[in-house]
Amino acid sequence: MNKNEHAFPQSTIVGDCIKTEGGVTMRDYFAAEALPECLAQTCAEIKKVGYCPEDWRYCVALDAYAMADAMLKARNKSEAE
């Protein structure tokens, strides 16, 4: 699993070579895509139990990155098949 692979790399020509760099990582991209659902689930749970932990934002971010890691693992597995 390459967590540092870029989702939207920028390519530039340097002499006779094409240099690719930059962009967000695939992990960050997948986490950003998962974030709205993670946030919605956390807000629903907070509403249900009537308690909001102080570090709820951190927990939402951890959930989003856990989902991103699972998505990268699934992506790599499907590419290997």
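Relative to the longest principal axis of the Cα atoms of the chain, the long axis of helix 26-49 makes an angle of roughly 0 degrees.
Under 5 Å between amide hydrogens, built in the peptide plane, is the criterion, and for Thr25 it picks out Ala7 among residues at least 5 positions away or on other chains.
The long axis of helix 56-80 is offset from the longest Cα principal axis of the chain by roughly 40 degrees. Once Rh is set to the Kirkwood radius over Cα pairs, what Stokes-Einstein translational diffusion coefficient, in µm²/s, holds for the chain at a temperature of 20 °C and a viscosity of 1.002 mPa s? Roughly 146 µm²/s, to the nearest whole number.
Pull out the extension gain between Ser78 and Gln41, defined as 0.36 nm times the separation in residues minus the alpha carbon to alpha carbon distance; nm, one decimal. Before the final figure, lay out the partial values.
Values: separation 37, 0.36 × 37 = 13.32 nm, distance 2.74 nm.
Length gained between Ser78 and Gln41: 10.6 nm.
Using a Gaussian network model of the chain in which every pair of alpha carbons under 10 angstrom is joined by a spring, one finds that among Ala32, Ala68, Ala44 the greatest mean-square fluctuation is at Ala44. The lysine pair tally for the chain, using Cα distances under 30 Å and a gap of 8 or more places or different chains, is 5. Comparing Ala31, Ala61, Ala40 in a Gaussian network model of the chain where C-alpha atoms under 10 Å apart are linked, the largest mean-square fluctuation is found at Ala40. Comparing mean-square fluctuations of Gly50, Gly15, Gly23 from a GNM of the chain with C-alpha springs under 10 Å, the top value falls on Gly15.
Could you work out the helix-only [θ] at 222 nm for the chain, with each DSSP H run of four or more residues adding -39,500 (n - 2.57) and the total divided by the number of residues, to the nearest 500 deg cm²/dmol?
The per-residue figure over the chain is -21500 deg cm²/dmol.
Here, each number is a calculation from the coordinates, and none is a lab measurement. What you see is a predicted model, and the numbers here were worked out from it, not measured in a lab.
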